[in-house]
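The values are calculated or read from the model by the stated rules, or taken from the named source; none is laboratory data. Computed from a predicted structure; not experimentally measured. As a convention, Cβ positions derive from the backbone with ideal geometry for all residues, glycine included, and neighbour counts pool all protein chains shown. These accessible areas exclude ligands, DNA and RNA; they are computed on the full protein's heavy atoms, side chains included. Shrake-Rupley method; radii C 1.70, N 1.55, O 1.52, S 1.80 Å.
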Amino acid sequence: MALRWWWWWRRCGASSRRAPPLGSVPRPGPRAPPAPSAMCHFTQRSSALSFPKICNVFWRFHHTSTSHLCSCSKTVSDENYQDPFQLGRKDLKNLYEDIKKELLVSAAELKEMCDYYFDGKGKAFRPMIVVLMARACNIHHNNSKEVQASQRSVAIIAEMIHTASLVHDDVIDDANSRRGKRTLNQIWGERKAVLAGDFILSAASVALARIGNTTIVSVLTQVIEDLVRGEFLQLGSKENENERFAHYLEKTFKKTASLIANSCKAVSILGCPDPKVHEIAYQYGKNVGIAFQLIDDVLDFTSCADRLGKPTAADLKLGLATGPVLFACRQFPEMNAMIMRRFSRPGDVERAWKYVLQSDGVQQTTYLAQRYCHAATREIRKLRPSPEREALVHLTEMVLMRDK
């Protein structure tokens with residue numbers, strides 16, 4: 001699929017400054033660039049998107065007041081609006097306390113390291129999606145409005161796997177900050193950080209085995225395999241443009257979306273025997289997960305370090321060519337050489353940053369995220385109507401609107 005829409009974009013999308021299509025999602029109409037004086041503002045009643053190159057509010061789309069705005073048009077009426085965090089609060093109560101119970105260990109230092117990121121200050125984005133999907137599937141199947149204990153365990157396991165992957169990523173990237181504070185590897189050193197990540201992952205595996213369902217074990221262990229394969233993909237690159245973008249999207253799926261997709265699939269299996277529902281849950285999680293990472297890659301160019309909780313331009317400094325860079329490369333072919341040498345020469349990072357901001361790379365990546373969110377909404381709409389289903393629809397809008 002990546003090759004198909006990338007080919008289409010090269011043939012006709014680049015000249016019209018439109019996003020490549022995703023599946024059967026309709027293309028948005030052309031957008032005029034914002035006036036310089038309006039770069040850091042957004043008008044609530046405007047029907048066109050403005051994409052400031054610097055300010056971190058550029059994706060606060062006006063979908064709450066317009067009905068014809070591509071895939072971000074108002075999908076949830078005021079009457080049907082459901083706050084995902086409010087709906088998921090009951091099932092996520094004591095989430096981090098329960099995770100800490102899974103991490104019981106006698107060694108004080110290891111316990112401190114494992115508890116470091118489970119301080120209750122995180123967004124719990126993945127567990128929230130999982131419990132909402134569990135409720136939506138349960139209601140669809142037999143109108144049950146309760147989350148099973150095993151389904152809640154999947155939410156806990158998902159957050160543990162995610163956190164372990166962050167710990168390992170920070171070691172690989174030699175990162176200094178995460179979630180607004182110093183990383184484990186900066187405080188305790190790389191060796192201990194690796195061991196802490198391993199321990200969290202092993203505790204998640206024990207919790208997974210305790211569910212006692214081999215199908216669920218198979219689904220969620222696929223996530224761990226994908227995380228490793230995704231990291232290896234990130235270490236490589238492709239010379240051919242088509243292959244390069246396909247490579248980028250495959251890496252994005254494995255490193256980010258696979259966890260959400262397979263966790264959603266796991267709770268659907270536990271709550272409903274229909275394979276069609278399992279596929280709906282999987283596709284929703286996959287599309288939301290890819291959109292989430294695409295916006296994350298946009299934020300690296302548009303947000304500030306204080307908002308992100310980590311340094312900006314981090315991907316460029318690591319030698320990574322994300323969506324905004326790959327789209328910008330079409331307008332500035334001289335970036336190809338920088339991509340292949342992973343921005344290793346003095347001045348490469350600064351030049352690439354300027355090229356991205358001078359191009360429509362941020363816009364195109366955001367449009368692509370919209371396409372994936374639209375696909376996610378289309379999938380979840382196949383389930384029986386419920387407050388949880390509507391919350392999952394609204395969640396796609398929250399993914400696009402986030403600024404950290």
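Data for the structure
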read-out	value
Residue list for segment 341-358, filter: within 16 Å of ASP315 (Cβ to Cβ) and of a type outside the set (D, E, K, R)	PHE343, SER344, VAL349, ALA352, TRP353, TYR355, VAL356, LEU357
Residue identified as open to solvent by 30 Å² or more (accessible area, probe 1.4 Å), more than 30 Å from CYS329 (Cα to Cα) and in contact (Cβ under 8 Å) with a residue 12 or more places away in the chain among ASN185, ASN213, ASN242, ASN176	ASN213
Of all residues making up segment 127-150, the number that are of a type in the set (D, E, K, R) and open to solvent by less than 30 Å² (accessible area, probe 1.4 Å)	1
Segment 81-100, subset of a type in the set (A, V, I, L, M, F, W, C) and modelled with pLDDT under 90, residue farthest from the chain's Cα centre (by Cα)	LEU87
ALA203 being under 29 Å from LEU392 (Cβ atoms), over 21 Å from the mean Cα position of the chain (by Cα) and surrounded by 16 or more Cβ atoms within 10 Å (Cβ to Cβ)	yes
Test result for VAL206, of a type in the set (A, V, I, L, M, F, W, C), assigned to a helix (DSSP H, G or I) and under 19 Å from LYS255 (Cα atoms)	no
Every residue from segment 327-361 that is open to solvent by less than 10 Å² (accessible area, probe 1.4 Å) and either of a type in the set (A, V, I, L, M) or more than 18 Å from VAL298 (Cα to Cα) (or both)	ALA328, MET335, MET338, ILE339, ASP348, ALA352, VAL356
Elements of type helices (runs of 4 or more DSSP H) in segment 288-362, at least 2 residues being of a type outside the set (Phe, Trp, Tyr), touching a Gly at 6+ places or on another chain (Cβ under 9 Å) and closer than 28 Å to ILE260 by Cβ	305-308, 323-331
Identity of the residue in segment 363-404, part of a helix (DSSP H, G or I) and among the small types (Gly, Ala, Ser), that ends up nearest to the chain's Cα centre (by Cα)	ALA369
Top-ranked residue in segment 260-318 [being among the β-branched types (Val, Ile, Thr) and open to solvent by 30 Å² or more (accessible area, probe 1.4 Å); ranked as modelled with the highest pLDDT]	ILE269
